[in-house]
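Engineer: Below is the structure I would like to discuss, written out as structure tokens.
We did not get these values from a lab; they are worked out from the coordinates using the rules stated. Keep in mind that this is a model prediction, so the values were computed, not measured. Don't worry about glycine lacking a Cβ; one is built from the backbone with ideal geometry, like all the others, and counts go over all protein chains shown.
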Amino acid sequence: MLGCLTNLAYRELDAYADYVEEIDQKEELLRIVEASLYVGYGDIQITLIWDNTSDLDLYLIDPFGEEISNRNRVSASGGVLDFDNINGYGPENIYWPESNAPKGTYRVYVFHYAWWDQPRSANFILLITVPGKITKFTGTSYFNEMIHIIDFSY
């Protein structure tokens, strides 16, 4: 009898774990969709969201070596940081309007800005959209950490 109860308990726990995972995936999708309501888009779009009140910053080095970030929101090449969220969850978004993105290599980074009263880490999702392709990156950032995500060519 105890074996039957144990097997039943394991099945119920497995079903519950699947349910929780499904909810987590739906919440992640909802955060991505919500972020897309606030941001610009074009030939290239890089969007960052995260899971708490930390201040993550999106950095990008364009093909001409110019940084786009909260310190330089518009580049000579036409890239724009149009949304810089300092209160948590995101989004942060950099994009080039349609037919304006220069050819070359782009370098993408995430920086965890350290405020004394914020969480010491954050889980993030970064989406890179180029014509016909969306690439998703996930990770965890920590105080004052600059994470190199990817170099990609357009």
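Engineer: Starting from the Cα of S99, move 7 Å in the Cα-to-Cβ direction to define the label point; list residues of region 119-154 whose amide nitrogen is under 19 Å from there.
Structural biologist: Under 19 Å, as judged by backbone N against the label point of S99, lie 130-132 of region 119-154.
Engineer: Under 13 Å from the Cβ of E67, count the other residues' Cβ atoms, weight Lys and Arg +1, Asp and Glu -1, and hand me the total.
Structural biologist: With Lys, Arg at +1 and Asp, Glu at -1, the net is 0.
Engineer: ³J(HN,Hα) across region 94-101 via Karplus (A = 6.51, B = -1.76, C = 1.60, θ = phi - 60°), whole Hz, x for Gly/Pro?
Structural biologist: 10, 8, 10, x, 3, 6, 10, 6
Engineer: Now, a different point. With r as the distance between the Cβ atoms of S121 and E66 and R0 = 25 Å, compute the FRET efficiency 1/(1 + (r/R0)^6) and round to 0.05.
Structural biologist: The formula returns an efficiency of 0.25 here.
Engineer: May I pose another question? Please work out, to two decimal places, the log10 of the ratio I(q)/I(0) at q = 0.17 Å⁻¹ from a Debye calculation in which every Cα of region 38-153 carries one identical scatterer.
Structural biologist: -0.74
Engineer: Here's a follow-up. I need the peptides 70-80, 42-52 ranked by packing, meaning the mean over residues of other C-beta atoms within 10 angstrom, with the highest value on top.
Structural biologist: 42-52, 70-80
Engineer: Residue-wise, which Karplus ³J(HN,Hα) couplings in Hz belong to region 130-135, taking 6.51 cos²θ - 1.76 cosθ + 1.60, θ = phi - 60°, and x for glycine or proline?
Structural biologist: 10, x, x, 8, 10, 10
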